[in-house]
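Reviewing the structure listed below.
Each value in this text was obtained by applying a stated rule to the coordinates, not by laboratory testing. The structure displayed is predicted, hence computed values, not measured ones. In this analysis, Cβ positions are derived from the backbone assuming ideal geometry, glycine residues included, and neighbour counts consider all displayed protein chains.
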Amino acid sequence: MEMRDIHDARAIEARRSEDALNRLALENNGFILRCASKTCKRFITESDDEYEVALVAFCEAVRAYDDSCGGFMGFAALVIRRRLMDYFDSQTRRSREIAAGSAMAWDEEAPTGVIAEVQQQLAQGVHSGQSTVRDEIEALGDVLNAYGFSFFDLAEASPKAAKTKRCCARAVNWMLALAERVLTMRRTRSLPVTAIVKALEIARKVIERHRRYIIAATEILDGDYPHLAEYMDYIKKERSL
């Protein structure tokens, strides 16, 4: 069987099994990075946001693939490129919205928008004894910057569906269960995605898609952020189940 046929057959097999899909994505990690680097016209690593987009696009390509699409690898490369271009467009639109003062919400647990409230305070230069939440966000922002993203990026990374929120909560609690895991995350500035997927049997794409949120929630619950921790109550409740 030719190499192209092998790739095609494995892609079709991976459509039927989440485990097979995860294995296929892991085995083709180099291919995913090369496609992302080619589209972005710069070297992409697993710590880049573009890698996350490319990984999700690869999984999307597997689910959408059939023989009429031609060879799988060429089809996957096309899907990755399209999704990255969509991502670039969305980032451009988002930058314009932020510049215009658009409010962003933390997640469904805070419909009044703690992010929007603090963002407004910062813009107006408000300083008062009631700015504890703002101070926590500023402090956390410095921590998150070391990971390559900001507090305000979490609006897009936050889980919305109940099932996804539970998966993220399990991942955060797994991180918090051992201090060494948190220390390693801080030292490497990265989330141990493969270890989480293996330990909890959660789909890799879920962890990858919400990597920023899991990192932020871990830092919040392991740090001195009592007000922000209130928005993480559902994670604490998941721990007791």
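Listed values, structure above:
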quantity	calculated
Gained length - residue 46 relative to residue 236, 0.36 nm times residue gap less alpha-carbon distance	65.5 nm
3J(HN,Hα) from dihedral phi, region 27-34, Karplus parametrisation 6.51/-1.76/1.60, rounded to Hz, x for glycine, proline	5, 9, 4, x, 4, 4, 5, 5
Stokes-Einstein diffusion coefficient of region 128-211, Kirkwood radius over Cα pairs, 4 °C, 1.567 mPa s, in µm²/s	92 µm²/s
Ascending count of other beta-carbon atoms within 10 Å, so fewest first, for 84, 26	26, 84
Karplus-derived HN-Hα couplings along region 53-58 (A = 6.51, B = -1.76, C = 1.60, θ = phi - 60°), whole Hz, x at Gly and Pro	4, 5, 5, 4, 5, 4
Alpha-carbon centroid distance for the pair region 23-37 / region 143-214, whole angstrom	20 Å
Relative frequency of Cα-Cα separations exceeding 16 Å in region 183-233, percent	45 percent
Equivalent ellipsoid semi-axes - Cα gyration tensor, region 3-95, angstrom	23, 13, 12
